[in-house]
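Engineer: Encoded as C-alpha cells, here's the structure I'll be asking about.
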C-alpha cells in the first residue's frame, strides 16, 4: 500500500494514469490535510494536558475544570482522527501500484512488447487439432462429465491424462527445489480477508474470488499460492541478511473469472479450478528487477525441458495486475489456435505488497523488502500445450523425454493407451 505523501507527488498521478487509473488527488489531499490537522491539534492539547496535570496539584478549581475539558477534547479528536485514518486507509487500499517507468505504454495485451522467442513453432504435415479434441478423442479429458458435476469451466482427467497432470506438478517442484533453490511449502487454500488484502486481491477483486461463510467465519479460496506464500511473513520482520527467500508450492487455485464471460469457453485454458505451481521471492528492493529476470528464467526452464516453443513479452503499463510494477508474461505456442497464449505471468511488485502485509526488514537494511511472484507453471495450461505441440498425425501425443521418468510412458496412443 502506498503512503499518502508519495501519491501526492506530481509524478504519481501521471504514473497511475499510464495504467488507466485516475487518482482523485483532491480527495486524497483533503484526507491527508484533515489527518494532519487532527494530529497537530491532539498533540497541542496533550501538551496542555500535561501542563495542567502539574498545575493541578497546587492550582484551583479552574485549573481542574480546564484539565477535564481538555481531556474530553482530546478524546473527541482521537475519535475523529481514527475515523479519518480509516477513510484514508480504505482509499489507499483501492489504489494500484505505480507502474515502473520502463513498463511499455499501452492499455491491453496487444500493446505488450516482445522480448524474445525461444523454440520454433513446429510445422505439421497435417491439420493440428485443438487440445479439447485431442483430449476427448483419446479419452483422457472429459469436459461433459465435469459440467455434470460442477458446471462450466471445470475439467475431469483420467488415465494417462491424470497421470500426466501429476507428473507435471512433480516435475516442476523437483526442478525448482533441486536446481533453482526454492523451498517447497504446503499451504492452506482457504485464507482470511486480511491475507487476501495483504497481496492486493482485496478489496478490488472480491467479485473474482470464491468465498465461504460457515459458522459465521469468512474465508476465501485462493486464486494463486502467491497469496499464502507471501503472507507467511505478514506482520513479521525478516533479517535482511536472510534474503533472498525463495518459496514454492503446488496448490489448487480458484477463480470466478467474472470478467471473462464468453471468452475461452472451449477446452481447459480458463478454468474455475486448476492446479498450479507458484514461485515467490522476497528480496532486497534494490535487486528486485534482477531477481525478476531470474524468476522468469526458472519458469522458462520448465518449458525448455518440455520442448515447448514460447515467447516472453513485457506487459504494457495499462495491462499490469493491481499489485505489479513490472510484469513479464511467458506465452506458449498453441498450434490448435495458431497463436501464443499466456502460460506464466511473473511480476515484480516492489515494496507494495510488503507494505500492505506489514512485512519489514531488520538489521542493517531496514524498511520493506520487495516481493515477486510467478507461475512455475500451471498444470492445466502446460497439459494443453503438450497435447497441442506434441500431437502426432495418428491422433496420439508424444511425451517429452524430461517427463518420461515421471509418467512412466513415452507416448499416449490415439485410443488413450500408453506406450512405455
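The values are calculated or read from the model by the stated rules, or taken from the named source; none is laboratory data. Note that this is a predicted model, so its numbers are computed, not measured. Please note: Cβ atoms are built from the backbone with ideal geometry, for glycine as well, and neighbour counts cover all protein chains shown.
Engineer: Within segment 61-160, which helices (runs of 4 or more DSSP H) (wholly inside it) include 3 or more residues that are surrounded by fewer than 18 Cβ atoms within 10 Å (Cβ to Cβ) and in contact with a helix residue (DSSP H, G or I) (Cβ under 7 Å, 6 or more places away or on another chain)?
Structural biologist: Correct list: 61-93.
Engineer: Residue 163 versus (1) outside any helix (DSSP H, G or I); (2) in contact (Cβ under 8 Å) with a residue 40 or more places away in the chain; (3) in contact with a helix residue (DSSP H, G or I) (Cβ under 8 Å, 6 or more places away or on another chain); (4) surrounded by fewer than 22 Cβ atoms within 10 Å (Cβ to Cβ): which is the lone unmet condition?
Structural biologist: Result: residue 163 passes all but (1).
Engineer: Anything in segment 34-53 that is out of contact with any helix residue (DSSP H, G or I) (no Cβ under 6 Å at 6 or more places or on another chain) and closer than 11 Å to residue 81 by Cα? List them, or say none.
Structural biologist: Initial filter on segment 34-53 (out of contact with any helix residue (DSSP H, G or I) (no Cβ under 6 Å at 6 or more places or on another chain)): 36-37, 39-40, 43-44, 46-47, 50-51, 53.
Matches in segment 34-53: 36, 37, 39, 40.
Engineer: On the basis of being under 30 Å from residue 354 (Cβ atoms), modelled with pLDDT under 95 and outside the structural domain of residue 317 (by TED's automatic domain parsing), does residue 66 make the cut?
Structural biologist: no
Engineer: For residue 213, which of the numbered conditions (1) in a helix (DSSP H, G or I); (2) modelled with pLDDT under 95 fails to hold?
Structural biologist: (1) is the only condition that residue 213 fails.
Engineer: Take the residues in segment 189-210 that are surrounded by fewer than 18 Cβ atoms within 10 Å (Cβ to Cβ), in contact with a strand residue (DSSP E or B) (Cβ under 9 Å, 6 or more places away or on another chain) and part of a helix (DSSP H, G or I), then tell me which one is modelled with the highest pLDDT.
Structural biologist: 193
Engineer: Can I ask one more? Among the residues of segment 333-355, which ones are surrounded by 23 or more Cβ atoms within 10 Å (Cβ to Cβ), within 20 Å of the chain's Cα centre (by Cα) and at negative phi?
Structural biologist: 343, 344, 346, 347, 348, 349, 352, 353, 354
Here's the yes/no breakdown for (1) in contact with a strand residue (DSSP E or B) (Cβ under 8 Å, 6 or more places away or on another chain); (2) at pLDDT below 95; (3) closer than 30 Å to residue 228 by Cβ; (4) not assigned by TED's automatic domain parsing to the domain that holds residue 295:
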position: 382; (1), (2), (3), (4): yes, no, yes, no
position: 385; (1), (2), (3), (4): yes, no, yes, no
position: 403; (1), (2), (3), (4): no, no, yes, no
position: 413; (1), (2), (3), (4): yes, no, no, no
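Engineer: Six or more apart or on different chains, Cβ under 7 Å: which pairs go from a residue in segment 144-158 that's on the phi > 0 side of the Ramachandran plot to one that's part of a loop (DSSP other than H, G, I, E, B) and surrounded by 11 or more Cβ atoms within 10 Å (Cβ to Cβ)? Could you list them?
Structural biologist: As it stands, the answer is 153/257; 153/270; 153/271; 153/272, since those pairs meet every condition given.
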